[in-house]
Structure formats: structure tokens, C-alpha cells
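Below you'll find the structure, written out as C-alpha cells, and then a few comments.
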Amino acid sequence: MTRTAIVTGAARGIGAATAQRLSADGFAVAVLDLDEAACAATVASIVDAGGRAIAVGANVADAASVERAVARVVDELGAPTVLVNNAGIIRDNLLFKMTEDDWDAVLAVHLRGAFLMSRAVQEHQVAARWGRIVNLSSTSALGNRGQANYAAAKAGMQGFTKTLAIELGRYGVTANAIAPGFIVTDMTRSTAERMGVPFEDFVAHAAAEIPVQRAGTPDDIAAAASFFCSEEAGFVSGQVLYVAGGPRA
Ligand code: NAP
């Protein structure tokens, strides 16, 4: 039986790599992102490799959009039992310059988005008496200058994950979080741009501070997600795995 996974924010970056990896692991994958057309490349890479995937345009922060998206996945791929809450944005600023919009937008995508998606998908997991939820946290959950909004959201993802693990465990559903350190994606590229630093220098500087002396890749995170979604990981729940080339980054 082919199981269906939804990966949010999967048009690019960590989400795209995770969608590809879960397909290679045997899941049918809904590649969900704000812009459906932007999902085409991820879907094509999966289909070209012999997998099954569809593009789904949805805003994870909007309840009606989430309900429509999950209903489409049920119709077109089958009831989803794996959910990776990966969609994310940054609106960095020091506290005294941070606007209410900066705060609300970040909390909405990460926390409200993970809540709405998990609430919509758990129904199918409970019915199947099996499920996997993986939430993207961050080393920023430990505190990071200029990221009061993002750090609060990513710390919140950890409490959310542990609570899902407690509530859903009796239905065969696990919930775990991955807390990446510095990963080379458009997100870190935009941070370098905002700081006016060439991306190569930004990556080199980050790598020098990381115990394994390199920046992370989306595939590093996809490998951790693959483990949490596997059959063998059924006794691992409510955990936060820092994937950061060291204890923190
Ligand atoms: P990315 O390259 O910026 O990709 C994020 C994706 O999420 C984008 O395609 C974006 O679409 C989508 N998205 C944003 N808001 C959305 C919404 N409301 N509904 C649906 N999709 C939405 O980011 P990434 O670096 O791969 O990061 C993925 C996750 O890992 C995020 O949760 C991030 O916070 C976390 N993380 C990243 C790092 C890192 O170093 N890169 C470190 C720690 C944690 P648009 O392009 O249309 O906005």
C-alpha cells in the first residue's frame, strides 16, 4: 500500500529535498506551496525519478485554503498519513525595529500553519491508526539576534510537537521536530543579501563556526525527515533533533 505524504513549502529548499526523499522512500507526495506553479519543478523531478506527486497551491496560514488543499490530496493521491510542516518565512529585525506585521506574519506561517495543517491531517492519521508528523524548528529556537519573531515561532514548534506526540501517540501517530542549523537555501541567501554580504562569504563564515566545518544542505535535513517518517521510527516521538553539524549553530 502506498502511503501519502504532504510536504509544505516544498517548491524549493528543504521542502523540495524532503519531498524528493520521501518519494524515494516510497510515499506518494503532495508538493504544497503558496504558488502551485512554483511546485512544478519539484513534482517533475519526482515523476522523472519514477515517483508519484502532485502540486498543490495553498496558504498554510489560511484555514479554508488548508481544508481545500487536504481534500484535494485525499481525492488525487489518497488520505495523507505523513505531514512535514516545513513552510516558513523570515522577517528579521532587531526588537525595536520589528513591526507588528513582522511578528504576525512569521507566527502565522510557522505556528498557525503547522496547527492548521496538523489539525486537518490528523483526522486521516487517526482513521488509519498510523501517522508521522515532522515539524521544522530551528537552532534559532535557542535565541538569535534579530529573530525575536522567528525564535519564538521555532521554540513554539517544539512545544507544539511534544503536545501532538502526547495526544496522538495512542493512534499510532508520532510527532517529532527537526531543528536545522545553517542550511544553504534561498532563505539563508536572502539573509546574506539583507546584511549586504556576498553569499559565498556568508556561507564560509558560518561554516567556520560549525563543528563539522561545513554548511548544511537540504539533503541533510531530508535524511532526518526520512528517518522520522520511517516504519522503524515508530517508538521515537516528541523529540527535537538538532541537525546543525554540532550541538547548536
Ligand atoms: P525557503 O527556501 O525560503 O522555502 C520556504 C518555502 O515555504 C517557500 O517555497 C515559500 O514560498 C513557502 N511558504 C512560505 N509561506 C508559505 C505559506 N503561507 N504557505 C505555503 N507555503 C509557504 O526556506 P528553507 O530554507 O528551505 O526553509 C524551510 C524550513 O526550514 C522553514 O520552516 C525554515 O524556517 C526552516 N529552517 C531553515 C533553515 C536554513 O538555514 N535554511 C534553518 C533552520 C530552519 P514562497 O517562495 O512563495 O514564499
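The values are calculated or read from the model by the stated rules, or taken from the named source; none is laboratory data. Every value quoted in this text rests on a predicted model; they were computed, and no experiment measured them. All Cβ positions, glycine included, derive from the backbone under ideal geometry; neighbour counts span all protein chains shown. Remember, those area values only see protein heavy atoms, side chains included, never the ligands or the DNA or RNA. Shrake-Rupley method; radii C 1.70, N 1.55, O 1.52, S 1.80 Å.
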Net +/- balance of residues flanking residue 16 in space, Cβ distance below 13 Å, scoring K and R +1, D and E -1: -1
Sites residue 145 and residue 219, calculated FRET efficiency, Cβ-Cβ separation with R0 22 Å, nearest 0.05: 0.20
Counted charge near residue 112, where neighbours are those whose Cβ lies closer than 13 Å (Asp, Glu -1; Lys, Arg +1): -1
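Given N residues in the chain, what is Rg(Cα) / (2.2 N^0.38 Å)?
0.96
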Distance between the stretch 152-166 and the stretch 75-120 - C-alpha centres, whole angstrom: 13
Rounded accessible area per residue of the chain, 1.4 Å, Å²: 46
Selection from 37, 168, 27, by position along the positive dipole direction of the chain (Cβ): 168
For the stretch 67-143: Kirkwood Rh in Å [reciprocal of mean 1/r, alpha carbons]: 14.1
For the chain, built as a Gaussian network whose Cα springs stay under 10 Å, the top-fluctuating residue of 96, 27, 160: 96
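Could you work out the helix-only [θ] at 222 nm for the chain, with each DSSP H run of four or more residues adding -39,500 (n - 2.57) and the total divided by the number of residues, to the nearest 500 deg cm²/dmol?
Values: 9 runs with 113 residues, N = 249.
The helix-only estimate for the chain comes to -14500 deg cm²/dmol at 222 nm.
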Highest-first arrangement of 216-222, 88-94, where packing means the average Cβ count within 10 Å: 216-222, 88-94
Cα→Cβ-extended label distance, 7 Å offset, between residue 127 and residue 209, nm: 4.7
Accessible surface of the chain, 1.4 Å probe, proportion on carbon and sulfur as whole %: 54
Choice from 186, 75, 102 showing the highest fluctuation, given a GNM over the chain with Cα pairs closer than 10 Å: 75
Under-5 Å amide H pairs with residue 53, H placed in peptide plane, nonlocal only: 29
Highest to lowest packing among 11-22, 195-206, 107-118, scored as the average C-beta count within 10 Å: 11-22, 107-118, 195-206
Degrees, to the nearest 10: 63-76 long Cα axis against longest axis of the chain: 50
